[in-house]
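The values are calculated or read from the model by the stated rules, or taken from the named source; none is laboratory data. This one's a predicted model, so the numbers in the text were calculated from it and none came from an experiment. Cβ sites come from the backbone with ideal geometry, for glycine too, and all protein chains shown count toward neighbours. Remember, those area values only see protein heavy atoms, side chains included, never the ligands or the DNA or RNA. Shrake-Rupley method; radii C 1.70, N 1.55, O 1.52, S 1.80 Å.
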Amino acid sequence: MEIQLELEELDCTRESGGQPYIIAGPCSAESEEQVMETATQLKEMGITVYRAGVWKPRTRPGSFEGMGSKALPWLRKVKKELGMKIAIEVAQPSHVFEALKYDIDIFWIGARTTVNPFFIQDLADALKGLENPIFVKNPVNPDLGLWMGAIERLNRAGVKKLAAIHRGFSYFGPSRYRNVPQWEIPIDLHRYIPELPIFNDPSHISGRRDLLQEVMQEAMDLNFSGLFIESHINPDVALSDKNQQVTPAGLKKLLDSLVIRDAEVQDDRTMRELKRMRKHIDMIDDELMNVLEKRMRVVKEIGNHKKANNITIFQDVRWNEIVGKRLTEAREKELSEEFVDKVFRAIHTESIKKQNRIMNEKK
Ligand code: PEP
Ligand code: MN
């Protein structure tokens, strides 16, 4: 999925061992007082980029849908009086044109917009020729292709100052998160486009204040460039996302509690130790590969046997036996059941695929 982008550097990348770049502000701009007071307190903490939603994409009609253009002069006031940069969400070209009248600095594209290539193309056309940095949130569904596609589409339109925001993914079923993080997806994004800064949005992942700390720390340990986080002077009466917003003082406490670790190893002894342990891991991975190869050879034998004797590939008694046994073993070996289940499902799916090919091979 390699893609080539033409990017210009943003001043928001984190140096090894450095502090994360912070963008903070309320979910929604609600009133001039709320906007100014929140910004004043954040500015005092040293935060220089202020986020606020003006047009809010809400799941159900009838909820608060943002103050719209009326809020733009309040944000311009923050910029003028406090010298902060302003970031807002844009979902359609008219939002971009309105925002430009009020000197908005940064635009972010929301999760519900990134899913749709038509919307992204319309926005890309509207943003053509502008210098404003654009932050692209991940789509609501866990689809790295859509996320990269949106970034690529904007870049092809000439947007060179780009960053991504990881805000988690919708999940149908019980979950402790509002949007499950699936950290492997932003990690893959970083692998494909290493020069693209990636922010973490712990607010929309957590959905509640008491999870923020854990998510922020994980983002720091995974070396994200910065945090994109919601803060409101009085979260309990916020008109949107009140459970996940923290006061500026609360945010300060959270930021102060973060442990910032080095991304690069500084001294020789630590490096040598790390190298030794990595060598060990590589050897174990060699073994894993050999075992997988061996297993697939037996799968092939079974496939041929089933074909010769006209037996179906999938027998659910056998599948239940395989998984059941390994889950019991997982508990004994202190491996997570979820992990073992995933690994065996992946191996089994591949085995079925292989046998299917054997069964349906034309001579
Ligand atoms: C937001 O940042 O307030 C927002 C609406 O985010 P998302 O698009 O991630 O849901
Ligand atoms: Mn929000």
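Counting only aspartates and glutamates at least 8 places from K307 when in the same chain, those with an alpha carbon closer than 19 Å to its own are D316, E350, E361.
Stretching the chain fully between Q92 and I352 yields a gain of 89.1 nm (0.36 nm per residue, less the alpha carbon separation). Less than 5 angstrom separates the built amide H of G53 from those of S28, A29, all sequence-distant by 5 or more or on a different chain. Between the C-alpha center of the range 164-183 and that of the range 283-309 there is a gap of 35 Å. When the alpha carbon coordinates of the range 43-102 are projected onto the principal axes, the ranges are 36, 24, 16 Å, largest first.
Summary value for the range 144-241: 25 percent relative contact order, contacts being C-alpha pairs under 8 angstrom separated by 6+ residues.
Among the protein heavy atoms of the range 21-257, carbon and sulfur supply 51% of the accessible surface, probe 1.4 Å, non-protein parts ignored.
What are the lysines whose alpha-carbon lies under 20 Å from the alpha-carbon of K300, with same-chain residues fewer than 8 places away excluded? Here the lysines satisfying the reach criterion relative to K300 are K353, K354, K362, K363.
Taking amide H as placed 1.01 Å from N in the peptide plane, V180 has its amide H under 5 Å from the amide H of F169, Y171, each at least 5 places away in sequence or on another chain.
For Y102, the accessible area of its heavy atoms, probed at 1.4 Å with every protein chain present, is near 50 square angstrom. Normalised per residue, the accessible area of the chain is 56 Å², obtained with a 1.4 Å probe and no contribution from ligands, DNA or RNA. The figure for D210 is an accessible area of roughly 110 square angstrom, using a 1.4 Å probe on the protein chains alone. Normalised radius of gyration (Cα atoms, divided by 2.2 N^0.38 Å) for the range 114-163: 1.03.
Look at the alpha carbon pairs under 8 Å that are at least 6 residues apart: their mean separation over the length of the range 53-110 gives a relative contact order of 32 percent.
Defining a contact as two alpha carbons under 8 Å apart and six or more residues distant in sequence, what relative contact order in percent does the chain show? Result for the chain is 15 percent. When the residues H190, H348 are ordered by accessible surface, computed with a 1.4 Å probe over the protein chains alone, the sequence from largest down reads H190, H348.
Rounded, prolate or oblate, given the Cα gyration tensor of the range 284-330, with a/c below 1.5 counting as rounded? It comes out oblate by the Cα gyration axes. In the chain, the DSSP-assigned H stretches of four residues or longer account for a calculated mean residue ellipticity at 222 nm of -16000 deg cm²/dmol, using -39500 (n - 2.57) per stretch and the full residue count as denominator.
Kirkwood radius and radius of gyration were both taken over the C-alpha atoms of the chain, and their ratio Rg/Rh is 1.06. Between the range 199-225 and the range 24-86, how far is it from one alpha carbon centroid to the other, in angstrom? Using only Cα atoms, the two centres lie 21 Å from each other. Calculated over the range 268-360, the projected area of the Cα convex hull averaged across directions stands at 7.6 nm². In the range 242-363, a dipole from Cβ-located charges (positive for Lys and Arg, negative for Asp and Glu) runs towards its positive end, and of I260, G324, S336 it is G324 whose Cα lies farthest in that direction. The calculated FRET efficiency for the pair D285 and N243, based on their C-beta separation and a Förster distance of 56 Å, comes to about 0.85. Partner lysines whose Cα lies under 26 Å from the Cα of K85, excluding those fewer than 8 positions away in the same chain, are identified as K43, K56, K70, K77, K101, K128, K137, K160, K161, K242, K252, K253.
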